[in-house]
Amino acid sequence: MTQSIDTTRARLAAGGTHLALATGAVFMLLPFWLMLRTSFTAPDQVFAGNILALSDFSLENYRRVFAEVPLLRYYLNGIFVVTAIFVGQVIVCVPAAYALSRLRFSGREVGLWLVLAAMMVPYHATAIPIYVLLSRFGMINTHGALILPFIGSAFSVFLLRQFFLSIPQSVFESARLDGASSLRTLMHIVFPMARPAIVTFGILSFVSHWNDYFWPSFVLRNDFAATVPFGIVKFLDQELGADYGPQMAAATLTVLPLLVGFLIAQRQLIAGIAMTSGQVD
């Protein structure tokens, strides 16, 4: 009898958990459904009020996006910028994280505290000094202005450091006994083992900079180096208001690469987060 009651309670608890998760999923997915629904709705039917079906299915909004916005250029610029930022972060942040986690040197603790302090400062607060610096070097309205300020990422250093702390110390001791230098250990042991963490911060970096509009709008003067978010604001008029149909079509095209990337790398992302979440030093 007691076992039956315990089983019933466990099933009720599991059912309640699944119901709560399903309810949360509905609330999280509803904005995406509204975006998708609006993007395929005829412009004169956007405010018809039927949110449960793709009424008056139309591709007019997408035709307008491709006709009025240089979307291919924005895509190429965005891919180049986020790829360059990620490569730069790997070159800079992986060695820095390895040094803060496994090497012993004077000032290591101070360096870690500086990384933590840098994580607390939003980059909006340093936008004007960085803008002035880039302007002095003549880099305004270039791809470099979109890339260089983000190569040194405090969050990436901290994330990778936490992952490196999860690697058993015996691995590094074995490499040291075999005569491997710190650089060789980093290249031949740490890099292959750090793939889940690198994929994790790569996805986070890609999403952050692919969607970023604040900084590009701050340092760009025309469409030469403009990224994908500029295609969305093209349909926002301060006097006439937003043209919601094409705007939602542009937003859908912006989200699509992020969705595909997440579906491809979701297992590595989950593994990387799981490996870095349990280490506190």
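The values are calculated or read from the model by the stated rules, or taken from the named source; none is laboratory data. As the structure is a computational prediction, the values presented were derived from the model and not from experiment. Cβ: placed from backbone, ideal geometry, glycine included. Neighbour counts: every protein chain shown. Note: areas computed on protein heavy atoms with side chains; ligands, DNA, RNA excluded. Shrake-Rupley method; radii C 1.70, N 1.55, O 1.52, S 1.80 Å.
Restricting to the stretch 19-50, name every residue that is open to solvent by 80 Å² or more (accessible area, probe 1.4 Å) and either under 15 Å from residue 249 (Cβ atoms) or at pLDDT below 80 (or both). Before you say what the answer is, go through the steps one by one.
Filtering the stretch 19-50 for residues open to solvent by 80 Å² or more (accessible area, probe 1.4 Å) gives 19, 21, 26-29, 32-33, 44, 47.
Selection gives 32, 33, 44, 47.
Taking the conditions exactly as written (open to solvent by 50 Å² or more (accessible area, probe 1.4 Å), under 25 Å from residue 68 (Cα atoms) and free of Cβ contacts under 8 Å to residues at least 40 places away in the same chain), does residue 244 satisfy them or not?
Details: open to solvent by 50 Å² or more (accessible area, probe 1.4 Å): yes; under 25 Å from residue 68 (Cα atoms): yes; free of Cβ contacts under 8 Å to residues at least 40 places away in the same chain: no.
Considered against the rule, which asks whether it is open to solvent by 50 Å² or more (accessible area, probe 1.4 Å), under 25 Å from residue 68 (Cα atoms) and free of Cβ contacts under 8 Å to residues at least 40 places away in the same chain, residue 244 comes out as no.
Please identify the pairs in which a residue from the stretch 181-210 that is over 18 Å from residue 88 (Cβ atoms) and in contact (Cβ under 8 Å) with a residue 40 or more places away in the chain has its Cβ atom under 8 Å from the Cβ atom of a residue that is among the small types (Gly, Ala, Ser) and surrounded by 15 or more Cβ atoms within 10 Å (Cβ to Cβ), counting only partners at least 6 apart or on another chain.
From residues that are over 18 Å from residue 88 (Cβ atoms) and in contact (Cβ under 8 Å) with a residue 40 or more places away in the chain, the pairs are 196/271; 196/272.
Scan the stretch 99-110 and tell me whether some residue there is more than 20 Å from residue 188 (Cα to Cα), hydrophobic (A, V, I, L, M, F, W, C) and surrounded by fewer than 19 Cβ atoms within 10 Å (Cβ to Cβ).
Yes, there is a match, as at least one residue in the stretch 99-110 is more than 20 Å from residue 188 (Cα to Cα), hydrophobic (A, V, I, L, M, F, W, C) and surrounded by fewer than 19 Cβ atoms within 10 Å (Cβ to Cβ).
Applying the selection to the stretch 126-162, what residues are open to solvent by 20 Å² or more (accessible area, probe 1.4 Å), of a type in the set (S, T, N, Q) and either under 19 Å from the mean Cα position of the chain (by Cα) or closer than 22 Å to residue 200 by Cβ (or both)?
If the condition is that a residue be open to solvent by 20 Å² or more (accessible area, probe 1.4 Å), of a type in the set (S, T, N, Q) and either under 19 Å from the mean Cα position of the chain (by Cα) or closer than 22 Å to residue 200 by Cβ (or both), then 153 is the only one that fits.
So if I check each of 262, 206, which one is modelled with pLDDT of 70 or more, touching a helix residue (DSSP H, G or I) at 6+ places or on another chain (Cβ under 9 Å) and surrounded by 20 or more Cβ atoms within 10 Å (Cβ to Cβ)?
Values: 262 fails: surrounded by 20 or more Cβ atoms within 10 Å (Cβ to Cβ).
Sole residue among the options that is modelled with pLDDT of 70 or more, touching a helix residue (DSSP H, G or I) at 6+ places or on another chain (Cβ under 9 Å) and surrounded by 20 or more Cβ atoms within 10 Å (Cβ to Cβ): 206.
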